[in-house]
Every structure is written in C-alpha cells, then in structure tokens.
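One structure is given below, encoded as structure tokens.
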Amino acid sequence: MPGRSVKSYECRACSSPTARALAAPLAFDFVRTAPQRLTAADWELINRLFQEMETEGRRILRGAGVPDGEVTVRRSAEMRYFGQGHEVDVEVPTGILSPASLAPITSSFETAYRLLYSRTPMGVPLETLNWRAVISGPPPDLTITSGLETGAATAPTAKKHRAAYFPEAGGYVETPVYDRYRLDPGARLAGPAIVEERESTTVIGPGALISVDAHRNLVAEPASGEAR
C-alpha cells in the first residue's frame with residue numbers, strides 16, 4: 001500500500017502535514033551574454049550590464065510595492081576554463097568591478113570548481129559566458145492558521161472498513177478508513193486505522209495514536225507505556 005506508515009515504535013511524536021507551504025521572496029532573475037577572457041575583461045561593459053539588470057529588477061519590485069531599502073541583489077557569472085563545455089556558477093561581488101576584482105572572482109571560481117571536480121588545472125585561462133543578477137525582495141511573512149474555531153472536535157467517523165496487513169498484528173486486520181478532509185482539529189484516532197487523501201495514504205499501525213492539530217497536521221505518538 002503506497003503512502004506513509006505510522007507504527008507504535010517508529011517515533012516519539014511526528015507530524016504529517018496536510019500541505020507544505022513553500023514560500024520564497026519575490027525575485028527576478030536576469031542574464032546577459034558577454035563571452036570574454038577574464039584576464040582581458042571589459043569591466044566597463046560588465047558594470048553596465050549589471051547596472052542595467054539591477055535597475056530593471058528594482059523597477060519591477062518597486063511597482064510591486066517593495067521599497068528599495070528591502071531589495072537584495074545577488075550577482076553571479078557562468079564561468080569555465082577555456083575550451084571546456086560546461087560552466088560553473090560563481091558569485092560575483094557587488095559594487096563597481098575593476099581589474100582588482102579579478103583575484104576574488106578567480107578565487108571563487110577555483111573554490112567552486114574544486115568542490116565539483118576535486119582539482120583545478122594549471123595555466124588554463126578562465127572565460128565567462130553569461131553574467132547574471134537576481135534581484136529580490138524580502139521573504140514573505142506568513143502566518144498559517146486553520147481558519148476554524150477551536151473547540152471540541154466531532155468524533156471521526158470511518159467512511160468504510162477494509163482488510164489491511166499489519167506484521168505486528170500477525171496478519172490482516174479489519175481496519176477503519178477515514179477521509180483526511182473530514183478530520184477536524186482535535187480529532188483522535190487509535191490504530192489500526194487508515195487515513196486517505198488525494199496526495200497520499202497514512203497507515204496507522206496497531207498501538208499508535210493519531211491526533212489532528214490546529215493546522216490539520218496528523219501528529220502520531222506511541223500508545224502510553226509502549227517502548228519509544
């Protein structure tokens with residue numbers, strides 16, 4: 001049976017969320033292609049490209065209500081040793097770039113390259129294909145609530161029963177099956193039980209206890225007195 005299995009000895013307390021919220025700052029990724037050897041880089045051109053990308057990104061974020069003081073800029077370059085077919089993404093310092101920037105950029109590239117390939121070839125010039133800038137706002141401030149008033153939960157009612165195999169029970173057991181979306185916060189279930197939802201199935205082994213928290217997460221705990 002696909003899904004999650006919760007046994008009495010697996011965890012002291014674990015949570016199975018209804019939905020995992022993925023939140024990221026509002027951000028825009030820009031890229032400009034300007035292939036050149038790093039030792040003969042046109043720093044005036046590179047500064048102009050970064051300035052264009054940053055200005056455009058700040059303009060878009062400003063239109064979305066993000067103040068300039070809350071904007072973050074991350075620069076990078078797609079670099080490689082001359083003649084290679086794969087680039088390595090390398091962080092580029094902010095501010096005005098100049099020949100003095102060659103050393104820190106080279107050092108960043110060699111560090112990243114060494115992490116990938118465990119060595120760096122000697123005497124091979126570096127070249128850059130693309131210059132990138134990610135212009136982003138602050139992370140969103142998320143407050144997740146259940147949207148329901150707290151109080152006594154309605155006793156859960158199984159939508160059906162079916163035979164399910166539990167090794168710890170020595171075979172098949174007639175098991176109640178619950179609809180995840182009909183379990184209210186505060187509801188409690190004792191295993192064996194099965195909780196079905198669109199994305200997955202949670203199997204609650206004999207002796208395990210499941211409760212539904214205020215955010216509709218399933219929180220599993222061993223039965224009282226059983227080994228952790």
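Using a 7 Å offset from the Cα along the Cα-to-Cβ direction at both ALA158 and GLU110, what is the distance between the two label points in nm, to one decimal?
Taking the simple label geometry, ALA158 and GLU110 are separated by 6.8 nm.
Would you compute the Debye intensity of region 27-136 from its alpha-carbon atoms alone, equal scatterers and no solvent, and pass along log10 I(q)/I(0) at q = 0.17, 0.18, 0.22 Å⁻¹ to two decimals?
-0.79, -0.87, -1.17
Laboratory data are not the source of any read-out in this text; all were calculated from the coordinates shown. Small disclaimer: the values here were computed from a predicted structure and weren't measured. Here the Cβ is made from the backbone with ideal geometry for all residues, glycine too, and neighbour counts use every protein chain on show.
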